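Contents: one structure, followed by commentary.
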């Protein structure tokens, strides 16, 4: 009997959203959050995550199944085609918008952030539109009802 592949436990848990693209940290398809910061999982050793919270794209949606504003915006703006790079972009942007809530207000900065991940299908225009929509939704969520802050 042969040993099970190293990735089998993730498949058993149905954590299949994180994609291995280039394996060299260039494409961003494998981006996950480690303690809230975007990291290329292909360049991160498991031991580096000891004691940390690791979030994959499956962790963006609420436990009840409601989509995260980024996921909703990607859907509504058709910001994906083949979908291979989408989980990496979602995780990259979840971290970026958490750290820079007004990222969408600076087009040059937004372009710079998005340039760290590769997409061969969409041309980035729809991804930029989705990011702007999600940023506005996240700001509104933080402000709470009638702009009174988080409830």
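Along its first, second and third principal axes, ordered by size, the stretch 46-151 spans 41, 36, 27 Å in Cα coordinates. Largest mean-square fluctuation among 32, 125, 54, in a Gaussian network model of the chain whose springs join Cα atoms under 10 Å apart, belongs to 125.
Starting from the Cα-Cα distance between residue 20 and residue 67, subtract it from 0.36 nm times their residue separation and give me the gain in nm to one decimal. Don't skip to the answer; put the middle values down first.
Values: separation 47, 0.36 × 47 = 16.92 nm, distance 2.34 nm.
Going from the current span to full extension adds 14.6 nm.
Using the Cβ-Cβ distance between residue 140 and residue 78 with R0 set to 30 Å, the FRET efficiency from 1/(1 + (r/R0)^6) comes to roughly 0.85. Springs join every pair of Cα atoms under 10 Å in this Gaussian network model of the chain, and among 45, 118, 90 the largest mean-square fluctuation is at 45. Among 81, 133, 48, the largest mean-square fluctuation in a Gaussian network model of the chain, built with springs joining Cα atoms closer than 10 Å, belongs to 48.
A helix-only calculation puts the chain at -11000 deg cm²/dmol for mean residue ellipticity at 222 nm, using -39500 (n - 2.57) for each DSSP H run of at least four residues, averaged over all residues. Compute the long axis of helix 86-99 from its Cα atoms, compare it with the longest principal axis of the Cα atoms of the chain, and write down the angle in degrees, 0 to 90, nearest 10. Tilt relative to the chain: about 50 degrees. With the simple spin-label model, which puts each label point 7 Å out from Cα in the Cβ direction, the residue 55 to residue 111 separation comes to 2.9 nm.
Any read-out appearing in this document is the output of simple, stated calculations on the displayed coordinates, not a laboratory observation. Note that this is a predicted model, so its numbers are computed, not measured. Quick reminder, even Gly has a Cβ in these numbers, built from the backbone with ideal geometry, and neighbours come from all protein chains shown.
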